[in-house]
Amino acid sequence: MQPDLKPLPGTIGQAALDVLQTADADAKACLAQQVGVAWADGRLAFAFGDLPPDRPARPDRPELRLPRDMPRRRAGGEKGRFALLHSLAHIELNAIDLAFDMVARFGPDQPLEFTADWVRVGSEEGKHFNLLNDRLKVLSGVYGDLPAHDGLWDAAFATRHNLLARLAVVPMVLEARGLDVTPPMIEKLVRAGDQTSADILGIIYEEEKGHVAAGSRWFASEIAAQRLDEETTFHDLVRRYFKGDLKRPFNDAARAAAGLSSGLYEPLADGPKEG
């Protein structure tokens with residue numbers, strides 16, 4: 001059943017704020033898609049008002065814990081697949097807010113095309129959440145049944161005053177990681193006989209390439225506008241705002257298709273290279 005949604009406001013800035021200030025997970029995902037359609041149809045003016053809150057509204061469930069306090073996810077069986085899909089749904093719910101925070105926070109100072117890209121991304125993240133949550137229901141549960149870690153918004157908060165840092169860390173590091181790990185997850189689901197879940201992850205994987213591409217495209221645009229060196233700036237920002245090293249193995253083909261050259265991420269992988 002679709003949640004009841006209030007009428008959309010007249011501007012994309014307020015619509016983005018409405019998504020961020022919606023606590024219910026189902027309503028947030030559906031509103032994200034509704035905003036995407038309204039923007040594509042030209043029903044939302046390119047105008048902005050208040051800045052977004054430092055933290056978006058969240059549902060009462062799942063219980064949010066520190067990453068170190070999360071239970072170890074067991075592989076295999078229906079419970080293992082449920083836990084995997086639940087963790088991915090949690091990521092997608094956060095991704096909705098990350099996209100619309102990008103619109104509301106940085107859109108006023110960027111071209112209309114910037115807003116168009118991130119509204120599309122946010123709408124697709126809403127679709128991804130719904131696909132995963134619908135699958136959880138088939139597996140006799142729902143999003144919120146398991147605890148989730150509360151570290152996903154840390155990168156957004158840390159980069160709230162720096163567009164280049166936000167682009168570097170969120171789409172070009174965190175979402176790019178999804179390009180690395182999703183194909184092996186799809187293979188595991190196929191081997192487990194869960195083709196339906198594998199197909200859902202296949203849809204997400206293909207669309208996430210476009211999300212990473214949007215990040216790398218606007219990063220390059222801002223780098224050119226500020227006359228900075230792309231690789232040096234990226235390395236400096238990631239080392240400052242991202243905790244830890246980038247993990248191998250990389251999906252080089254998918255990353256290249258999304259505009260990420262190996263010179264950006266390889267020097268940051270698994271600690272400094274020797275020699």
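Just so it is clear, none of the values below were taken in a lab; they were calculated from the coordinates. What you see is a predicted model; the values in this text were computed from it and never measured. Positions of Cβ are backbone-derived with ideal geometry, glycine not excepted, and every protein chain shown enters the neighbour counts.
Key figures for this structure:
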quantity: Protection proxy ranking, peptides 54-66, 255-267, average beta carbon neighbours within 10 Å, highest first; calculated: 255-267, 54-66
quantity: The chain: relative contact order in percent, alpha carbon pairs under 8 Å with at least 6 residues between; calculated: 18
quantity: Label-point separation, Arg160 to Asp252 (7 Å along Cα→Cβ), nm; calculated: 4.0
quantity: Potential extension, Lys6-Leu64 segment - 0.36 nm per residue separation minus Cα distance; calculated: 18.1 nm
quantity: GNM result for the chain, Cα springs below 10 Å: residue of Leu136, Leu51, Leu31 fluctuating most strongly; calculated: Leu51
quantity: For q = 0.11 Å⁻¹, Debye-computed log10 I/I(0) when each Cα of the chain counts as one equal scatterer; calculated: -0.62
quantity: Kirkwood Rh and Cα Rg combined as Rg over Rh, evaluated for the range 152-275; calculated: 1.01
quantity: Percent of alpha-carbon pairs separated by more than 20 Å within the range 55-205; calculated: 51
quantity: Stretch gain in nm, segment Glu113-Gln195, where the contour uses 0.36 nm per residue and the Cα spacing is subtracted; calculated: 25.9 nm
quantity: Extension reserve of the Ala225-Asp54 stretch, reckoned as 0.36 nm per residue once the Cα distance is removed; calculated: 58.9 nm
quantity: Given charges at Cβ of Lys, Arg, Asp, Glu: the range 153-234 dipole, positive-most of Gly210, Pro184, Thr159; calculated: Thr159
quantity: Exceeding the 25 Å Cα-Cα cut-off - candidates Lys209/Lys247; Lys79/Lys127; Lys137/Lys243; Lys188/Lys209; Lys6/Lys209; Lys188/Lys247; calculated: Lys137/Lys243; Lys6/Lys209
quantity: The range 11-120: mean projected area of Cα convex hull, nm²; calculated: 8.0
quantity: Distance cut-off 16 Å, percentage of C-alpha pairs in the range 202-275 lying past it; calculated: 55
quantity: Backbone N under 16 Å from the Thr232 label point (7 Å along Cα→Cβ), restricted to the range 246-264; calculated: 264
